[in-house]
Amino acid sequence: MNLRQIEVFHAVYSVGSISGASRLLNVSQPSVSKVIRHAESRLGFPLFKLVKGRLMATPESHVLFREVDDLHARIDTFQRTARNLRSSLAGKIRMGVLPSLALSITPEVVARFRRRLPGVAFDVSAIHHDRFRDALVSRECDFVIGHHLLPGPEFASIPLGLGHVGALCKRGLLTSPEPTVSLHDLRHKDVIGLAPGVAIGDLLGVESGTEAVQPAIVVHSVYIAAGMARHGAGIALVDEFTARGFVDHELEFRLLNPPVTFELKALHLIEQPLSRLSRSFLDLQRLVMRETISPLPGLPEDDDET
């Protein structure tokens, strides 16, 4: 089967009819039927049969589709890569960031950068760790920013600084005057924890050891955890970047003690070195992370002058 036959076969199998495939591919029904007949002729067996007026895939077709579906996904990635390469223009920064960074620190860095260089355009996506590789390989993003990255030999990473984990909750829930809180102190509280697979949740599981708390509520997003805390459902264990978007006169954030930290990094393809603009942006990101203009309660002071 050639690529055209594979494309048509994939469409017919996916939608289950010649008419549906013709609409999907924007071609005539006779054209679709002709391509399928040619493919069956070359293969030596039928791909589809009419059963009581309905088009049904043959057993051989089911086997082929498992292989074709993977190939079709690769072709789609190739096409997206080609489009992204074509649209990659000088003076534009395309980046992917964790959702926890998209609410507070990233908007601040972008705003400050554009005040310096108002002609620079941005394309910013909030994406999870499991999509980082695809976003880079397809050239959807020039770089991604996150933590607990597992770069392969095709990736390079740039350290940006440390982040901290703490407790976000309604003011008054934590009665201690200390600016920090221990996991031991939370053992008998209603804790909002993160499900396995969420990076911060995995970090807490590794670091907490015997001090591990049993969450009353388990969620799959730091945003959900913070939202629960805002409504008084419990004490959310989240990262400081998420907390910065929620702390106000009703909510407070206290770092864990002993500290639980993670390193924030930017990741990019080795074969696609970062532009000067991207490197300048990451320098500013690093600076903003160190600044303590309006520190959260419990965050350590930084003595560096910049």
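The values are calculated or read from the model by the stated rules, or taken from the named source; none is laboratory data. On a predicted model such as this, the values are computed, not experimentally measured, just so you know. FYI the Cβ positions are ideal-geometry reconstructions off the backbone, even for glycines, and counts take in every protein chain you see.
Which residue, of Val27, Val32, is surrounded by 13 or more Cβ atoms within 10 Å (Cβ to Cβ) and in a loop (DSSP other than H, G, I, E, B)?
Numbers: Val32 fails: in a loop (DSSP other than H, G, I, E, B).
Matching residue, one of Val27, Val32: Val27.
Report yes if some residue within the range 33-51 is modelled with pLDDT of 90 or more, within 38 Å of the chain's Cα centre (by Cα) and in the same structural domain as Asp70 (by TED's automatic domain parsing); otherwise report no.
No: zero hits.
Looking at the range 19-42, I want the residues that are touching a residue at least 24 places away in the same chain (Cβ under 8 Å) and of a type in the set (Val, Ile, Thr) and have a partner that is outside any helix (DSSP H, G or I) and surrounded by 15 or more Cβ atoms within 10 Å (Cβ to Cβ) with Cβ atoms under 8 Å, at least 6 apart or on another chain. Which pairs are those?
Qualifying pairs under 8 Å: Ile36/Leu47; Ile36/Phe48.
Under 6 Å between Cβ atoms, which residue pairs at least 6 apart in sequence (or on different chains) link something in the range 63-77 that is under 17 Å from Val8 (Cβ atoms) with a partner that is assigned to a helix (DSSP H, G or I) and not β-branched (Val, Ile, Thr)?
If the second residue must be assigned to a helix (DSSP H, G or I) and not β-branched (Val, Ile, Thr), the pairs left are Phe65/Tyr13; Val68/His10; His72/His10.
I need every pair where a residue in the range 212-224 that is touching a residue at least 40 places away in the same chain (Cβ under 8 Å) has its Cβ under 6 Å from the Cβ of a residue that is surrounded by 16 or more Cβ atoms within 10 Å (Cβ to Cβ) and β-branched (Val, Ile, Thr), sequence separation at least 6 or different chains.
Pairs that qualify, where the first residue is touching a residue at least 40 places away in the same chain (Cβ under 8 Å) and the partner is surrounded by 16 or more Cβ atoms within 10 Å (Cβ to Cβ) and β-branched (Val, Ile, Thr), are Val222/Val238; Val222/Thr242.
List the pairs whose first member sits in the range 245-261 and is of a type in the set (Lys, Arg), whose second member is not in a strand (DSSP E or B), and whose Cβ atoms are under 9 Å apart, counting only residues at least 6 apart or on separate chains?
Arg254/Leu174; Arg254/Ser176; Arg254/Glu178; Arg254/Pro179; Arg254/Leu296; Arg254/Pro297; Arg254/Gly298
Kindly check whether there is at least one residue in the range 102-119 that is modelled with pLDDT under 85 and touching a strand residue (DSSP E or B) at 6+ places or on another chain (Cβ under 8 Å).
Scanning the range 102-119, I find at least one residue that is modelled with pLDDT under 85 and touching a strand residue (DSSP E or B) at 6+ places or on another chain (Cβ under 8 Å), so the answer is yes.
Taking Gly201 as the residue in question, decide whether it is in a loop (DSSP other than H, G, I, E, B), small (Gly, Ala, Ser) and at pLDDT below 90.
So Gly201 fails the test.
Given the conditions (1) in contact with a strand residue (DSSP E or B) (Cβ under 7 Å, 6 or more places away or on another chain); (2) buried (at least 17 other Cβ atoms within 10 Å of the Cβ); (3) more than 27 Å from Leu149 (Cβ to Cβ); (4) not small (Gly, Ala, Ser), report the number of the one that Lys49 does not fulfil.
(2)
Looking at the range 129-143, is at least one residue β-branched (Val, Ile, Thr), within 24 Å of Arg286 (Cα to Cα) and either at pLDDT below 90 or surrounded by 15 or more Cβ atoms within 10 Å (Cβ to Cβ) (or both)?
The answer is no, given that none of the residues of the range 129-143 is β-branched (Val, Ile, Thr), within 24 Å of Arg286 (Cα to Cα) and either at pLDDT below 90 or surrounded by 15 or more Cβ atoms within 10 Å (Cβ to Cβ) (or both).
Conditions tested, residue by residue: (1) in the same structural domain as His231 (by TED's automatic domain parsing); (2) charged (D, E, K, R); (3) touching a Ser or Thr at 6+ places or on another chain (Cβ under 6 Å).
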| position | (1), (2), (3) |
| --- | --- |
| Pro153 | no, no, no |
| Ser157 | no, no, no |
| Ala167 | yes, no, no |
| Ser176 | yes, no, no |
| Ser182 | yes, no, no |
| Lys189 | yes, yes, no |
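So which of Leu264, Leu284, Leu274 is closer than 24 Å to Cys141 by Cα and surrounded by fewer than 18 Cβ atoms within 10 Å (Cβ to Cβ)? Write out each step before concluding.
Details: Leu264 fails: surrounded by fewer than 18 Cβ atoms within 10 Å (Cβ to Cβ); Leu274 fails: surrounded by fewer than 18 Cβ atoms within 10 Å (Cβ to Cβ).
Sole residue among the options that is closer than 24 Å to Cys141 by Cα and surrounded by fewer than 18 Cβ atoms within 10 Å (Cβ to Cβ): Leu284.
Consider Leu149 carefully, then state whether it is in contact (Cβ under 8 Å) with a residue 12 or more places away in the chain and farther than 23 Å from Arg244 by Cα.
no
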